[in-house]
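Structure first, commentary second.
Quick note: the coordinates plus some simple rules give every number you see, no bench work behind them. Note that the coordinates shown come from a computational prediction; the quantities given were computed from them, not determined experimentally. For neighbour counting, all protein chains shown are included, and Cβ atoms are generated from backbone atoms with ideal geometry for every residue, glycine included.
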Amino acid sequence: MRPDIATALDAPDSVLDDEELRFVQRIRQHGWFRTQIFAESNYPEFSFTTGFWIGHGFPEIIVFSMPPNIAHDVLWHIYRMISTGSPPPIGELTSTIYANSDALLLPVDRKHYQDHLGWNRWFYGGDEFPCLQLLWPSKEGVFPRHPDSGEALNLAQPDLSCSASSLS
C-alpha cells in the first residue's frame, strides 16, 4: 500500500545536488535509507529512516541513543518485517523487534519533525508523513517515562510522542 504522493524520487536527477542524488539513489536501490545524526546540545545521537512510508505505507522510524551499527541492523530487520507483510505493532509492547527484550513504537508528534527529521521533510516535501519513535527498555525492562525509569534512560530517549504522558 504505497501512498500516492510526490517525493524526491520523482525529481529528475539533474535538479538534485550530489548529496541529494546519493540519498535518493540509496532509497531507489534498497527501498529505504538510514540517516545518522550525531549528539549535539540537548539531544543524544539518533537514527531515522526514509522510505518506509513511500515504499510500504508504514511510518518512518526514529530511534535515539543506539549505536549506529545496531540501529542500522534493527531498522533493516523492521524493514524486512514490513516488506514481508508482518509489520510490528504500533502502541503496544512487542518481542518481534529485539532478540532479547521488548520494544515499543509510538507515534511522533509533528511538532518535532523540524528539529529531527530534516531529510524526511525534504524528501516528502513537508510534514505529511507519519513517523514512529522506537523505544528500548532498560536492562530491567523499564521503558522511558515509566514511573520506575531513571533520569538517564529518559534523557537517552527524548519524548517525541503525540501524548507526553508517562508509560505505566
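So that you can scan it fast, the table gives a plain yes or no per residue for (1) without any contact (Cβ under 8 Å) to a residue 12 or more places away in the chain; (2) over 22 Å from Lys139 (Cβ atoms); (3) within 13 Å of the chain's Cα centre (by Cα):
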residue: Ala8; (1), (2), (3): no, yes, no
residue: Arg26; (1), (2), (3): yes, yes, no
residue: His30; (1), (2), (3): no, yes, no
residue: Thr35; (1), (2), (3): no, yes, yes
residue: Ser41; (1), (2), (3): yes, yes, no
residue: Phe52; (1), (2), (3): no, yes, yes
residue: Pro59; (1), (2), (3): no, yes, yes
residue: Met66; (1), (2), (3): no, no, yes
residue: Leu93; (1), (2), (3): yes, no, no
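Residues in the range 9-24 that are surrounded by 14 or more Cβ atoms within 10 Å (Cβ to Cβ) and under 23 Å from Ile78 (Cα atoms): Phe23, Val24. Among the residues making up the range 142-163, those that are loosely packed, with under 13 Cβ neighbours inside 10 Å and either assigned to a helix (DSSP H, G or I) or among the β-branched types (Val, Ile, Thr) (or both) are Glu151, Ala152.
So which residues in the range 60-80 are under 24 Å from Gln25 (Cβ atoms) and either surrounded by fewer than 20 Cβ atoms within 10 Å (Cβ to Cβ) or touching a Gly at 6+ places or on another chain (Cβ under 6 Å) (or both), if there are any at all? If the condition is that a residue be under 24 Å from Gln25 (Cβ atoms) and either surrounded by fewer than 20 Cβ atoms within 10 Å (Cβ to Cβ) or touching a Gly at 6+ places or on another chain (Cβ under 6 Å) (or both), then Pro68, Asn69, His72, Asp73, Trp76, His77, Arg80 are the ones that fit.
If you go through the range 123-141 and keep only what is out of contact with any Gly (no Cβ under 8 Å at 6 or more places or on another chain), assigned to a loop (DSSP other than H, G, I, E, B) and either more than 23 Å from Arg28 (Cβ to Cβ) or without any contact (Cβ under 8 Å) to a residue 60 or more places away in the chain (or both), you end up with Gly126, Asp127, Trp136, Pro137, Lys139, Glu140, Gly141.
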